[in-house]
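Enquirer: Structure below; questions to follow.
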Amino acid sequence: EAGVAQSPRYKIIEKRQSVAFWCNPISGHATLYWYQQILGQGPKLLIQFQNNGVVDDSQLPKDRFSAERLKGVDSTLKIQPAKLEDSAVYLCASSERLAGALETQYFGPGTRLLVL
Amino acid sequence: KNQVEQSPQSLIILEGKNCTLQCNYTVSPFSNLRWYKQDTGRGPVSLTIMTFSENTKSNGRYTATLDADTKQSSLHITASQLSDSASYICVVTGVPSGGSYIPTFGRGTSLIVHP
């Protein structure tokens, strides 16, 4: 079974530029998550999708971050414009069913973003 | 505010030795606690998951314990190997009052196993 795929793996941009990340979850997984992991910290949930609908985006900085999952499969996360403090690893995860208590999330390798 | 605190922040041990990582949480009401292993440059991988009624769970050389009364958990690694070098993250999920289950992640413990 293929895992969660993310691209690009690395990205370096200057502040105020825009950037987009792509995630392809495990086939058949209904729930998709985007996390931000700053160096030395645990992941922070940014947004959670159930199929193509948003379940939770309470921690997404909506003035600069946006995410979509139009067909309920792949997802993109965009930052526009980027700030220095956005430098982090952006992790995508998916789970098979609606985010129940015991659902296992499978993580992708992440996209490492450096904003200069 | 739901919090998950892990200790120590980092740990260095010799290959073959045992070690124990700690996790304290304030998440309430409690649903489950999960330990993840995150290798450098990779996403986290689930090691164990425990619900309220479970106080120990093993996965090979990894054994997790849970004391729901004191809101503490530990991850014990037996006979460490070089491949155990990674960050270990404690994640606690509470029972939502409405909406979905949102996990709270700890900062992780960075473990280095030296030959």
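Please treat every number below as a calculation from the coordinates, not as lab data. What you see is a predicted model; the values in this text were computed from it and never measured. Counting neighbours? That spans all protein chains shown, and the Cβs are built from the backbone with ideal geometry, glycine included.
Enquirer: Pick out, in residue order, every one of the trypsin sites (Lys or Arg not before Pro) in segment A:1-89 that is DSSP loop and has at most 16 other C-beta atoms within 10 Å; say none if there are none.
Expert: Details: sites: A:R9, A:K11, A:K15, A:R16, A:K44, A:K62, A:R64, A:R69, A:K71, A:K78, A:K83; in loops: A:R9, A:K15, A:R16, A:K62, A:R64, A:R69, A:K71, A:K83.
Here the trypsin sites (Lys or Arg not before Pro) that fit, given the DSSP loop and packing criteria, are A:R9, A:K15, A:R16, A:K62, A:R64, A:K71, A:K83.
Enquirer: P(r) for segment A:50-116, please, calculated from all Cα pair distances in 5 Å bins and given in %.
Expert: The percentages, shortest bin first, are 3, 13, 22, 27, 18, 11, 5, 1.
Enquirer: Mind checking segment B:1-84 for trypsin sites (Lys or Arg not before Pro) that DSSP puts in a loop (not H, G, I, E or B) and that have at most 11 other Cβ atoms within 10 Å?
Expert: Values: sites: B:K1, B:K17, B:R34, B:K37, B:R42, B:K57, B:R61, B:K71; in loops: B:K1, B:K17, B:R42, B:R61, B:K71.
Answer by residue number: B:K1.
Enquirer: Given Cα positions, please report Rg to Rh for the protein assembly as shown, the hydrodynamic radius being the Kirkwood one. It would help to have the intermediate numbers written out before the result.
Expert: Working: Rg = 17.6 Å, Rh = 18.2 Å.
Rg divided by Rh gives 0.97.
Enquirer: Loop only per DSSP, at most 13 neighbouring Cβ atoms within 10 Å: give me the GluC sites (Glu not before Pro) in segment A:3-109, ordered by residue number. Please report the intermediate quantities before stating the final value.
Expert: On the way: sites: A:E14, A:E68, A:E85, A:E96, A:E103; in loops: A:E14, A:E96, A:E103.
When the GluC sites (Glu not before Pro) of segment A:3-109 are filtered for loop state and at most 13 Cβ neighbours within 10 Å, A:E14 remain.
Enquirer: Mind checking the log10 I(q)/I(0) for segment A:1-94 at q = 0.14 Å⁻¹? Debye, one equal scatterer per Cα, no solvent, two decimals.
Expert: Taken in order of the listed q values, log10 I(q)/I(0) reads -0.47.
Enquirer: Check the cysteines of chain B one by one and keep only those with no other cysteine Cβ under 4.7 Å from their own.
Expert: Cysteines of chain B left without a disulfide-compatible partner: B:C19.
Enquirer: Considering only A:P25, A:P43, A:P61, give the residue with the highest GNM mean-square fluctuation for chain A, with springs between Cα atoms whenever their separation is below 10 Å.
Expert: Highest fluctuation among the options: A:P61.
Enquirer: On a straight-distance basis, which lysines could pair with B:K71 in a cross-link, Cα separation under 22 angstrom, same-chain partners fewer than 8 positions away excluded?
Expert: A:K44, B:K1, B:K37, B:K57
Enquirer: Another question, then. Going by Cα centres, segment B:45-115 and segment A:1-47 are how many Å apart?
Expert: Centre-to-centre distance over Cα atoms comes out at 23 Å.
Enquirer: Spelling out what I want: for every residue of segment B:70-82, take phi, set θ = phi - 60°, compute 6.51 cos²θ - 1.76 cosθ + 1.60 (Karplus), and round to whole Hz; glycine and proline get x.
Expert: Karplus-based 3J(HN,Hα) across segment B:70-82 equals 8, 6, 10, 9, 9, 10, 9, 10, 9, 6, 4, 10, 4 Hz.
Enquirer: How shielded is B:100-108 by partner chains, expressed as the average number of their Cβ atoms within 10 Å of its Cβ atoms?
Expert: Numbers: counts 9, 9, 8, 9, 3, 7, 2, 4, 5.
The shielding value for this peptide is 6.
Enquirer: Stick to Cα atoms and the Kirkwood definition of Rh, then tell me Rg/Rh for chain B.
Expert: Details: Rg = 13.9 Å, Rh = 14.2 Å.
The Rg/Rh ratio comes out at 0.98.
Enquirer: For the pair B:Q81 and A:V54, what calculated FRET efficiency results from E = 1/(1 + (r/R0)^6), where r is the Cβ-Cβ distance and R0 = 41 Å, to the nearest 0.05? Could you put the intermediate results ahead of the total?
Expert: Working: r = 41 Å, r/R0 = 1.01.
Step by step, r from the Cβ atoms, then E = 0.50.
Enquirer: Another question about this same structure. Under 14 Å from the Cβ of B:N59, count the other residues' Cβ atoms, weight Lys and Arg +1, Asp and Glu -1, and hand me the total. Please list the in-between numbers first.
Expert: Working: positive: B:R34, B:K37, B:K57, B:R61; negative: B:E54, B:D84.
That works out to +2.
Enquirer: Taking amide H positions as placed in the peptide plane 1.01 Å from N, state which residues far from B:Q72 in sequence (5 or more) or on other chains have amide H under 5 Å from it.
Expert: Distant-sequence amide H within range of B:Q72: B:D67.
Enquirer: Another one. Output the Kirkwood hydrodynamic radius of segment B:16-57, Cα pairs only, in Å rounded to one decimal. Kindly include the intermediate steps, with their values, before the conclusion.
Expert: Numbers: mean 1/r = 0.0805 Å⁻¹.
Kirkwood radius, segment B:16-57: 12.4 Å.
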